[in-house]
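We did not get these values from a lab; they are worked out from the coordinates using the rules stated. Because the structure is a prediction, the values reported are computed rather than measured. Cβ placement follows ideal geometry from the backbone for every residue including glycine, while neighbour counts extend to all protein chains displayed.
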Amino acid sequence: MARHRRKPPPAGEFFADVSDLAEDGRGVARIDGKVLFVADALPGERVRFRYTRMSREMDEGQTLGVEQPSPDRVTPLCKHFGVCGGCALQHLAPQAQIRYKQKQLIEALARIGKVTPDVVAEPLTGPIWGYRRRARLGAKYVTRHNTALVGFRERESSFLAALESCVVLDPRVGEKLRDLGKLIAGLTIRSQLPQIEVATSAETVALVLRVMSPPDAQDLEQLHAFAREHDVDLYLQPGGPDTVAALGVPRELSYAPLQEPDRLHFRPTDFIQVNAELSRKAVAQAMDWLAPQPGEHVLELFSGLGNFSIPLARAGARVHAVEGEDALVQRARDNAQRLGLEIEFSRANLFEPQAEAPWAHAQYDAVLLDPPRAGAQEILPLLGKLRAPRLLYVSCHPGTLARDAGLLVREHGYRLVRAGVMDMFPHTAHVESMALFERV
């Protein structure tokens with residue numbers, strides 16, 4: 001049987017009136033009753049566009065011009081906007097981005113979870129440029145031009161964008177993408193270096209180079225020279241995360257989750273929140289909403305390096321922190337011991353909760369959970385049995401938060417007291433949020 005070929009989209013320019021923003025930041029319009037997603041279009045605008053893809057359920061397009069602009073439209077700061085896939089919303093004013101993200105959260109809670117918070121909290125905001133202290137950059141040597149590209153991928157593409165700089169990265173890295181490209185192009189292993197992982201602190205810039213072949217003596221000399229000239233610490237990663245090794249003696253990477261002198265030491269491949277100032281504000285808000293009292297027993301799930309554990313313990317709470325990754329558990333334990341804080345740590349796969357674990361049978365005054373995008377659905381029945389009076393949920397995806405909020409409210413005896421967004425990733429459609437639940 002012959003395969004059905006998708007009909008190519010019609011050529012030419014068309015017009016659409018945009019009514020909303022989709023979860024990925026594209027404008028939403030309807031033409032003859034059919035949904036159309038238009039990149040770089042904003043609600044209230046009439047745009048001129050071309051079709052890029054058509055299907056039975058929906059169509060997609062790219063804005064070519066704006067006939068009637070939104071009052072919230074601004075000129076993107078980055079000259080690569082529209083080509084680079086790192087940002088989706090630089091054409092939308094920062095305050096309007098916040099309103100859009102808050103709307104996404106509240107609508108997801110209502111549509112998916114069938115819940116409404118008693119209070120919608122004021123959004124947490126912070127720096128909108130140069131805020132990214134963690135990133136994974138692609139690298140690609142282009143033989144024809146004898147150059148190497150370093151940066152993010154193009155929109156809807158596996159190709160790297162030809163970036164000269166990045167305005168959302170820490171400027172100590174974002175302004176040196178071309179220098180990194182020149183470095184790679186001059187190495188003998190230039191075709192065997194596909195990725196650079198970035199991790200920065202206030203004092204230190206660490207770059208982890210993923211190398212598929214070992215560098216020779218000449219390569220090592222160039223790498224050391226680059227590190228000295230640009231005041232960065234370089235690491236090589238020939239295999240998995242356990243193979244990361246520094247070139248020379250690296251400086252310490254650390255940050256204060258809330259206040260000095262409580263600093264968490266971390267390795268350049270460890271997970272930390274990308275936005276240092278927003279992370280501190282999120283921790284402060286969590287402490288305010290959860291209001292831990294000295295001597296209260298707090299369970300923290302998906303606890304990582306101790307971003308919340310350390311401030312909770314410093315406030316006098318008895319903290320039991322549970323994390324699924326062995327290395328993070330050990331580093332969190334090391335952080336607590338160095339700071340003289342007594343925290344009990346356990347390693348557990350929270351997506352396959354073990355009901356017989358000792359921590360799963362204790363009584364808690366409060367629970368804090370900070371799961372990945374997949375959410376925490378698997379652990380919710382256990383939380384329902386623990387019946388902690390207060391539960392704080394830190395989320396990086398409004399859809400899974402909404403799903404879990406509905407379950408907590410309808411099946412596990414909680415009420416959604418407060419929820420609001422945290423603008424951890426300005427100029428992207430990524431929505432981070434926090435929600436407080438109380439036992440009914």
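For the chain, what proportion of DSSP beta bridges, expressed in % and rounded to the nearest 5, is antiparallel?
Antiparallel bridges: around 65 percent, rounded to the nearest 5.
A simple spin-label model places pseudo-atoms 7 Å from Cα toward Cβ; at Glu175 and Gln354 they are separated by 5.0 nm. Close amide-amide hydrogen proximity is noted between Leu169 and Gly130, Arg132, each under 5 Å apart and 5 or more residues distant or on a separate chain (H modeled in the peptide plane; Pro and chain starts excluded).
Can you figure out the FRET efficiency of Arg251 with Arg99, using R₀ = 41 Å and their beta-carbon distance, to the nearest 0.05? It comes to 0.50. Name the residue from Gln195, Gly27, Gln337 whose Cα lies farthest towards the positive end of the charge dipole of the chain, charges +1 on Cβ of Lys and Arg and -1 on Cβ of Asp and Glu. Highest projection toward the positive end goes to Gly27.
Amide H contacts under 5 Å for Ala121: Ala419, Gly420, restricted to partners 5 or more places along the chain or on a different chain, H placed in the peptide plane at 1.01 Å from N.
Using a 10 Å cut-off around each Cβ, can you sort Arg172, Arg210 from fewest to most neighbouring Cβ atoms?
Details: Arg172 16, Arg210 20.
With the fewest neighbours first, Arg172, Arg210 line up as Arg172, Arg210.
What FRET efficiency comes out for Lys79 versus Ser157 if R0 is 25 angstrom and r is the Cβ-Cβ distance? Round to the nearest 0.05. Taking R0 as 25 Å, the efficiency between Lys79 and Ser157 is 0.85.
What is the distance in Å between the Cα centres of region 363-440 and region 68-134? Cα centres, region 363-440 to region 68-134: 21 Å. Report summary: the helix-based calculation at 222 nm, which adds -39500 (n - 2.57) for every DSSP H run with n ≥ 4 and divides by the residues of the chain, gives -6500 deg cm²/dmol. Approximating the spin labels as points 7 Å out from Cα along Cα→Cβ, the Ser346-to-Glu260 distance works out to 3.7 nm. Only helices reaching 15 angstrom along their own axis (Cα) with mean Kyte-Doolittle hydropathy no lower than -1.0 count here, and for the DSSP H runs of the chain these are 217-230, 276-290, 398-411.
Rounded to 0.05, the FRET efficiency of the Glu107 and His361 pair, given R0 = 35 Å and the Cβ-Cβ distance, is 0.40.
Counting other Cβ atoms within 10 Å as a rough exposure proxy, the listed residues Glu296, Glu323, Glu45 run Glu296, Glu45, Glu323 from fewest neighbours to most.
Full extension of the chain segment joining Asp32 with Thr52 gains 5.4 nm, where the gain is 0.36 nm per residue of separation less the Cα-Cα distance. Each of His297 and Ala185 was given a label point 7 Å from its Cα along the Cα-to-Cβ line. The distance between the two points is 6.3 nm. Summing Cβ point charges (Lys, Arg +1; Asp, Glu -1) relative to the Cα centre of the chain gives a dipole of roughly 1240 debye.
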